[in-house]
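Have a look at the structure below before the remarks.
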Amino acid sequence: MPVIEQGLGVVDRVVRRHVAKLEKVGWCERMATIRGDGMLVWLTPPGLDGVGLGELPAVRAPQRFSPRTSHSIRVAWAAADIQRAAHRWLTHREMRLAPSQWGIQVANERGGLSRRLPDLAYLPASADTLHVAVVIDEHSNPRRERAALEGWRASILAGQYAHVRYVAGLAAATHLSRVATELGLTASQFSAGDHVVADEIAVEPPILENLGRGPAAVTQAPLRVDTAPLAPPDLPRPSAAHVVPQSSSSQEPAETPERTAAQQRLITQLLGHDERPRRRRWRRRAI
């Protein structure tokens, strides 16, 4: 549910209200998590039919701590970044309906070729007809990583994809970038980082009451946030007639040894460091 808040730009109470309505009519189910990731929500077969994806197989109830659930949560956060950037995107399950169109050929360990689909694919708003493939890094072995990157390079050269983006941590992203450079992938063909859309910030207009009630009647263009620093205003300079000459009495007095010594004594007293020697307290001797 936090992913829905991020992707659609709505507050949590609105998401909870609409998810409760969809759950009541049987369009979705939800499950509480323990680790603090928020509620897990997935569509049922009637829900898939309601959003026009009835040909997709229904999702099974996820296991809270399984690697598959963790991977699905990472994919969902990547999809939220793409949605906030106002790009059209597809999921892995949607691309499985046309694997020959979206899949690439990767060399396997048996000496043959295996088909692989990206986790997400999106069409940039300012691009042509080629999509960008998004892969969520799973820390596979180096041999499989190299084979996958070779497959992505071949698909890009063949005009299937315009770019491949790996979502990974700093160490994994550095390693993947080094391997991609060795294979000949350029910066316009490959990138890696912890976010999908890292170089632009776009905000969808908030959809508060139309969520779950059919197509939203919002036609406003997405608001793009300009991150450039603001320049100071160009204030008019005062003319010569308004410049008041400074009198000689307002000038600071010249520094003299006596003035410097007086300032030093004042600073010492304010800091509590009294340079005067303490007087010895006399005690009466016992006779």
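All conditions in (1) closer than 26 Å to ALA32 by Cα; (2) among the small types (Gly, Ala, Ser); (3) in contact (Cβ under 8 Å) with a residue 60 or more places away in the chain hold for SER70, with the sole exception of (3).
Being under 20 Å from ALA79 (Cβ atoms), out of contact with any Pro (no Cβ under 7 Å at 6 or more places or on another chain) and in contact (Cβ under 8 Å) with a residue 12 or more places away in the chain narrows it down to one residue among GLY159, GLY103; which is it?
Values: GLY159 fails: under 20 Å from ALA79 (Cβ atoms).
Unique residue meeting the criteria: GLY103.
Of ALA98, ALA85, ALA61, which residue is surrounded by 15 or more Cβ atoms within 10 Å (Cβ to Cβ) and of a type in the set (Gly, Ala, Ser)?
ALA85
Matching residues to (1) open to solvent by less than 30 Å² (accessible area, probe 1.4 Å); (2) in contact with an Asp or Glu (Cβ under 6 Å, 6 or more places away or on another chain):
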{"residue": "GLU5", "(1), (2)": "no, yes"}
{"residue": "VAL10", "(1), (2)": "yes, no"}
{"residue": "VAL14", "(1), (2)": "yes, no"}
{"residue": "ARG17", "(1), (2)": "no, no"}
{"residue": "GLU23", "(1), (2)": "no, no"}
{"residue": "GLU29", "(1), (2)": "no, no"}
{"residue": "MET39", "(1), (2)": "no, no"}
{"residue": "LEU48", "(1), (2)": "yes, no"}
{"residue": "LEU53", "(1), (2)": "no, no"}
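Quick one: is VAL179 more than 19 Å from VAL197 (Cα to Cα) and either small (Gly, Ala, Ser) or in contact with a strand residue (DSSP E or B) (Cβ under 9 Å, 6 or more places away or on another chain) (or both)?
In short, no.
Per-residue answers, yes or no, for (1) in a helix (DSSP H, G or I); (2) in contact with a Leu (Cβ under 9 Å, 6 or more places away or on another chain); (3) of a type in the set (Lys, Arg):
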position: GLY7; (1), (2), (3): yes, no, no
position: VAL14; (1), (2), (3): yes, yes, no
position: ARG64; (1), (2), (3): no, yes, yes
position: ARG68; (1), (2), (3): yes, no, yes
position: ILE73; (1), (2), (3): yes, yes, no
position: TRP77; (1), (2), (3): yes, no, no
position: ASP81; (1), (2), (3): yes, no, no
position: ALA86; (1), (2), (3): no, no, no
position: TRP89; (1), (2), (3): no, yes, no
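Among the residues of the range 101-125, those identified as out of contact with any helix residue (DSSP H, G or I) (no Cβ under 9 Å at 6 or more places or on another chain) and closer than 20 Å to ARG88 by Cα are LEU123, PRO124, ALA125. When the range 5-36 is limited to residues that are basic (Lys, Arg) and under 19 Å from THR69 (Cα atoms), the one that is modelled with the highest pLDDT turns out to be ARG30. Of the candidates ALA98, ALA121, the single residue that is small (Gly, Ala, Ser) and without any contact (Cβ under 8 Å) to a residue 12 or more places away in the chain is ALA98. Scanning the range 178-186 turns up no residue that is of a type in the set (Lys, Arg) and buried (at least 17 other Cβ atoms within 10 Å of the Cβ).
The values are calculated or read from the model by the stated rules, or taken from the named source; none is laboratory data. Predicted model, so just to flag it, every value in this text is computed and none were measured. Neighbour counts are summed over all protein chains in view; Cβ atoms, including those assigned to glycine, are modelled from backbone coordinates with ideal geometry. All accessible areas refer to the heavy atoms of the entire protein, side chains included, with ligands and DNA or RNA removed. Shrake-Rupley method; radii C 1.70, N 1.55, O 1.52, S 1.80 Å.
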